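Heads up, the thing below is written out as structure tokens.
The values are calculated or read from the model by the stated rules, or taken from the named source; none is laboratory data. Owing to the predicted nature of the structure, the values given are computational and were not obtained by experimental measurement. Reconstructed Cβ throughout: ideal geometry from the backbone, glycine too, with neighbour counts over all protein chains shown.
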């Protein structure tokens, strides 16, 4: 019993199948010029005509270098952005020691990854982005999610630079921690720009603006940036974009722009509340202009044109 992970077993199975069709890779595996991981990568694209070329391309390269070369040769479709819940983290299980057994020739080929390490990447090559699996969080930690999306090369360069700059705080370059810090800085900057959120914000009473930033900031943070409309069945609206500041007590009735009198509403639910309080007002026909001075001109009946032919004598 080898006690291999599912991914490691798949690598060795793919390498064994590739070696049966292309025996030349056996020697390359034993010498460490190829690994079962890189063989599995090229096996997914290898054909009888391109097999030798792909093997030569992967000779002496790391997994990341092979992946980048295959992406250039065989571009894939755009990844559809998705967010998938994963649930609580599962603690890592370290397999026990393998029982002693007599290795066969196939075992020597398939286990060459352990006996012969992969050749190191050149100095100029970019660092690997895949970080080791983090330890399981403490009991009661938030659930995890899987995020999938594609980025441009310049975005990837920014991500690598962020990993380098955070190497003192995140030595293993864990992507989840890097993204968490990046999004935290972005949200803080957006709040500061939109709602004047600073370390010493101006209070509501000291502002002379019609809609003080302190009120907008307090309402947004209180409502967590989400529409506050609650349906009769108890479900709250999920809208978080294009929100509006709605007066609970109408401004025409003396309602002030304060934290207690303002709430977040999406456009449709803001209009629904307005129709409930003020009544529905039908909009003018589309052919009628709403600009001053043009309504009468458009509704004026057309003037009859004079008859054709010579004018009658008087």
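Among the listed residues 215, 219, 178, identify the single one that is part of a helix (DSSP H, G or I), at pLDDT 90 or above and touching a strand residue (DSSP E or B) at 6+ places or on another chain (Cβ under 7 Å).
Details: 215 fails: at pLDDT 90 or above; 178 fails: touching a strand residue (DSSP E or B) at 6+ places or on another chain (Cβ under 7 Å).
So the residue among 215, 219, 178 that is part of a helix (DSSP H, G or I), at pLDDT 90 or above and touching a strand residue (DSSP E or B) at 6+ places or on another chain (Cβ under 7 Å) is 219.
Is there a residue in segment 13-31 that is closer than 30 Å to residue 160 by Cα, out of contact with any strand residue (DSSP E or B) (no Cβ under 9 Å at 6 or more places or on another chain) and surrounded by 15 or more Cβ atoms within 10 Å (Cβ to Cβ)?
From segment 13-31, those closer than 30 Å to residue 160 by Cα are none; that's our starting set.
Taking every residue of segment 13-31 in turn, none turns out to be closer than 30 Å to residue 160 by Cα, out of contact with any strand residue (DSSP E or B) (no Cβ under 9 Å at 6 or more places or on another chain) and surrounded by 15 or more Cβ atoms within 10 Å (Cβ to Cβ).
Hey, among 276, 271, 235, which residue is more than 32 Å from the chain's Cα centre (by Cα), more than 22 Å from residue 195 (Cβ to Cβ) and free of Cβ contacts under 8 Å to residues at least 24 places away in the same chain?
Values: 271 fails: more than 32 Å from the chain's Cα centre (by Cα); 235 fails: more than 32 Å from the chain's Cα centre (by Cα).
Only one candidate passes the filter, namely 276.
Determine, yes or no, whether residue 34 is buried (at least 19 other Cβ atoms within 10 Å of the Cβ), without any contact (Cβ under 8 Å) to a residue 24 or more places away in the chain and in contact with a helix residue (DSSP H, G or I) (Cβ under 7 Å, 6 or more places away or on another chain). Lay out the reasoning, then the answer.
On the way: buried (at least 19 other Cβ atoms within 10 Å of the Cβ): yes; without any contact (Cβ under 8 Å) to a residue 24 or more places away in the chain: no; in contact with a helix residue (DSSP H, G or I) (Cβ under 7 Å, 6 or more places away or on another chain): yes.
So residue 34 fails the test.
Restricting attention to segment 73-103, which residues are touching a strand residue (DSSP E or B) at 6+ places or on another chain (Cβ under 9 Å), more than 30 Å from residue 55 (Cβ to Cβ) and at pLDDT below 80?
Within segment 73-103, the subset touching a strand residue (DSSP E or B) at 6+ places or on another chain (Cβ under 9 Å) is 79-89.
Among the residues that remain, those that are also more than 30 Å from residue 55 (Cβ to Cβ) are: 80-89.
87, 88, 89, listed by residue number.
Among the residues that make up segment 141-151, is at least one of them modelled with pLDDT of 50 or more, exposed (fewer than 10 other Cβ atoms within 10 Å of the Cβ) and not in a loop (DSSP other than H, G, I, E, B)?
yes
Does residue 256 meet the test of being part of a loop (DSSP other than H, G, I, E, B), closer than 28 Å to residue 190 by Cβ and at pLDDT below 85? Talk me through it step by step, then tell me what you get.
Values: part of a loop (DSSP other than H, G, I, E, B): yes; closer than 28 Å to residue 190 by Cβ: yes; at pLDDT below 85: no.
No, not satisfied.
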